[in-house]
1. Select from the range 218-252 the residues that are over 30 Å from His279 (Cα atoms) and within 18 Å of the chain's Cα centre (by Cα) and list them in ascending order.
2. So which residues in the range 28-50 are over 14 Å from Arg3 (Cβ atoms) and without any contact (Cβ under 8 Å) to a residue 60 or more places away in the chain?
3. Residues to consider are Tyr187, Tyr166; find the one that is among the aromatic types (Phe, Trp, Tyr), closer than 29 Å to Glu221 by Cα and surrounded by 12 or more Cβ atoms within 10 Å (Cβ to Cβ).
4. So, in the range 1-35, exactly how many residues are crowded, with 16+ Cβ neighbours inside 10 Å and either at pLDDT 90 or above or over 25 Å from Tyr164 (Cβ atoms) (or both)?
5. Anything in the range 46-95 that is β-branched (Val, Ile, Thr) and in contact with a strand residue (DSSP E or B) (Cβ under 8 Å, 6 or more places away or on another chain)? List them, or say none.
6. Looking only at residues in the range 201-254 that are of a type in the set (Lys, Arg) and surrounded by fewer than 17 Cβ atoms within 10 Å (Cβ to Cβ), which one is farthest from Arg268 (Cα to Cα)?
7. Of Val150, Val88, Val53, which residue is more than 29 Å from the chain's Cα centre (by Cα), without any contact (Cβ under 8 Å) to a residue 40 or more places away in the chain, surrounded by fewer than 17 Cβ atoms within 10 Å (Cβ to Cβ) and within 24 Å of Phe18 (Cβ to Cβ)?
8. Name the residues in the range 123-149 that are among the acidic types (Asp, Glu) and closer than 20 Å to Thr107 by Cβ, would you?
Amino acid sequence: MKREHGNKIYWSREPIAFNNLVYEDNQRPFMLPKDDQKWDAHAVETTSYALLVFVARDGIGILQENIVRFLAVMRELDGGLISTLDSVVAMEALVEYSYRARLRDVTDMRVTIEHSSDPNFTVDVQIDNTQRLAELRSFDLNNIYGHISVVGHGSGQALVQLDYSYGVDLAHQLDFPPVNSFEFNVYSQFYGRNNSHLRFTACQRWTYTEESETSGVAVVEMHLPSGYYVMQDDLIRLVQSRKVRNLRWAYRTTTQVKFFFNHLDTERTCVSYEVERWHPVANHSRYNMARVYDLYQPERFNMTLMEVYPLYDLDLCEVCGSYQCPYCPFYSSAPPQPPPTLLVLLLLVLVLLLRSAADGDL
């Protein structure tokens, strides 16, 4: 269904709530993050097909520009929008729009970015029709608080995007899905002298049967505690063993382990794997993040916290496991034990007997 919101036009089964504006300080508008909506991926893919049709049939006009504004607002990744399928169609539509609108010929603009918490941070980006037109310009922010001011001058179109992440330790601070789609539980087992081995088990199932009997391609992401590691070969053997229903691939990054399922149904599917400590790390966070989501509809997800209190409770000496570690002279050490009395007496008698035998020989 075609819908309009301000200067944005899109097609979606339900209305989509966009970024809210808050007026603070001197009544300047501040844009807030957009929440996940029920039909984000579908709306992007459908609207992208519509843009292809309108550009091919009618060329460039106000309607096409308003559709592009919607796609720009829905962009959540550096290299795409919501997921894979909608991103492919959206990129094709945006490239066709850019070619028809001759944006390369008219683009000549300067964008100024300022950060309120760092008065010395000011970036001027020149965007023109040279070979660097499509080059990504990225900048790191040092003090992550306050607000960012963006001012553009000139002609053309440019996209400014803010990428940020943060950690939480309380369940109510997690992101919640627009609809409950998955049941997700994570269990952990710690063993070894200083919890050097961990076994995680993730159990999940599809619950949104009002939409379909099963999910699409499902992904389970598990955060790796700092210093712990799992071999890719072990994950491949787990997949090839066919012991986990519908598990088709698994791989690890520097911070996560990911499992890919053909689909999840209403029966619980559990996957278990073991990680080992490769590097001694103390002062762990008490919670790690885990989530399950539909690959082609990421708004269908469930997120939970994995509690790793035994790691959180370890101090540096327990992790290192030796009195040779810095500031750990007390670890694995003990006062010298006095020699046993009986052994001393036996040695004394033996010495006396040997001496007597030596005197008799003389």
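The values are calculated or read from the model by the stated rules, or taken from the named source; none is laboratory data. Bear in mind the structure is a predicted one, so any value in this text is a computation, not a measurement. Cβ placement follows ideal geometry from the backbone for every residue including glycine, while neighbour counts extend to all protein chains displayed.
1. Ala218 - this is the single residue of the range 218-252 that is over 30 Å from His279 (Cα atoms) and within 18 Å of the chain's Cα centre (by Cα).
2. Matches in the range 28-50: Arg28, Pro29, Met31, Leu32, Pro33, Lys34, Glu45, Ser48, Tyr49.
3. Details: Tyr166 fails: surrounded by 12 or more Cβ atoms within 10 Å (Cβ to Cβ).
From the options Tyr187, Tyr166, the qualifying one is Tyr187.
4. 7
5. First, the residues of the range 46-95 that are β-branched (Val, Ile, Thr): 46-47, 53, 55, 60, 62, 67-68, 73, 82, 84, 88-89, 95.
Listed by number, the residues that qualify are Thr46, Thr47, Ile67, Val73.
6. From the range 201-254, those of a type in the set (Lys, Arg) are 205, 237, 242-243, 245, 248, 252; that's our starting set.
Narrowing further to those that are surrounded by fewer than 17 Cβ atoms within 10 Å (Cβ to Cβ): 237, 242-243, 245, 248.
Values: Arg237: 22, Arg242: 16, Lys243: 14, Arg245: 10, Arg248: 16 Å.
Step by step, filter the range 201-254, then rank; the result is Arg237.
7. Working: Val150 fails: more than 29 Å from the chain's Cα centre (by Cα); Val88 fails: more than 29 Å from the chain's Cα centre (by Cα).
The match here is Val53.
8. First, pick out the residues of the range 123-149 that are among the acidic types (Asp, Glu): 124, 128, 135, 140.
Across the range 123-149, the qualifying residues are Asp124, Asp128, Glu135.
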